[in-house]
Amino acid sequence: MADDMSVDSEAAIVLFHGQNLCSLAPLLALEIADARYEVRLVEMAGDRLELRSYNPAGTVPTMLVGSSVLTENLAICCFIADSFPHSQLLPSLPLARAKCLAWLSWFASSMHIARRRGRLPERFSDAGDSWESIRTKGRAEYIAGLVKINQHLAGGPYMEGRSPTVADLQALLCYCWALIDKYELIGLTHYRKFVQELVLHPPIARVLAMDRSPLLTNTLAQSHAKLPRGSVQ
Ligand SMILES: N[C@@H](CCC(=O)N[C@@H](CS)C(=O)NCC(=O)O)C(=O)O
């Protein structure tokens, strides 16, 4: 459970998180795993001095595990899944596990980068006259990715296997970003159903409420579903 003050002295876990950013996936994983952790909310527009003292790049997620610093979403999510095997956030059988890792790799290398191209084209070229084209191509790739996820979820209920894994947390994150970035989501029926079901899981609902996620307002408004009592601030 999130606990700003008390941390386990043996392997104290501290997650640096930015609201509605990619650190949402490991934050959800920690809560699902019922781990003891501290979350430090990073104001990304600020100087991020504390975060940079551990990770000079100043990016989230960054996680402290005792005296070790872990970066990279994929590694952090796998670390959480392996540290809390009861959570079943990564399948134990080799083939299912590999398929799950394939999704994680795809999310990191395709969806996250497509989103960055759509929002921050200046990071990809100094030539201002190319930014619009980078942005347009990034958004087109993001839409294509959403469609791919939707098609895959037609064989659902989850990205891989019969219970939620870290691949599902990435899919949830990408839907959240699609809402924030105002993508046209009509037609993604399998994807929306998947999200509507996932946001009802109490640990997921708790984190999304803390993050004031558009996933709660948008998907629940559409499904008219009820949140667990007391889980929304
Ligand atoms: N490759 C890293 C990327 C981390 C990353 O760029 N995170 C974004 C938030 S989604 C960030 O911190 N951006 C702030 C910046 O680039 O200054 C990962 O997969 O964890």
Selected from Ser87, Ser67, Ser23 as most flexible by GNM, with the chain as the system and alpha-carbon contacts under 10 Å: Ser67
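Could you sort Tyr37, Tyr54 by accessible area so the largest value comes first, with the probe set to 1.4 Å? Don't skip to the answer; put the middle values down first.
Values: Tyr37 5, Tyr54 90 Å².
Ranked list, largest accessible area first: Tyr54, Tyr37.
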Choice from Val195, Val207, Val69 with maximal GNM fluctuation in the chain (Cα, 10 Å cutoff): Val69
From phi via Karplus (6.51, -1.76, 1.60), per-residue ³J(HN,Hα) for region 181-196 in Hz, x at Gly/Pro: 8, 6, 7, 6, 9, 4, x, 7, 5, 5, 5, 5, 4, 4, 5, 4
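Give the Rg/Rh ratio for region 120-186, taking Rg as the radius of gyration of the Cα atoms and Rh as the Kirkwood radius, to two decimals.
Values: Rg = 14.8 Å, Rh = 13.5 Å.
Rg divided by Rh gives 1.09.
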Residue-wise HN-Hα coupling along region 18-27, computed from phi with Karplus coefficients 6.51, -1.76, 1.60 (Hz; x: Gly, Pro): x, 3, 6, 9, 5, 5, 4, 4, x, 5
DSSP-loop GluC sites (Glu not before Pro) across region 42-100, with at most 13 other Cβ within 10 angstrom: Glu43
Distant-in-sequence amide H partners of Arg40 (H built 1.01 Å from N, under 5 Å): Leu15, Phe16, His17
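Hey, what's the Kirkwood Rh for the chain if you take every pair of different alpha carbons, in angstrom? Working shown, then result.
Details: mean 1/r = 0.0546 Å⁻¹.
Kirkwood radius, the chain: 18.3 Å.
Report the Rg/Rh value for region 13-87, based on alpha-carbon coordinates and the Kirkwood definition of Rh. Mind dumping the intermediate values first?
Details: Rg = 11.6 Å, Rh = 12.2 Å.
Rg/Rh for region 13-87 comes to 0.95.
The values are calculated or read from the model by the stated rules, or taken from the named source; none is laboratory data. Just so it is clear, the model here is predicted, and its values are computed rather than measured. Please note: Cβ atoms are built from the backbone with ideal geometry, for glycine as well, and neighbour counts cover all protein chains shown. Surface accessibility is based on the protein's heavy atoms, side chains included, excluding ligands, DNA and RNA. Shrake-Rupley method; radii C 1.70, N 1.55, O 1.52, S 1.80 Å.
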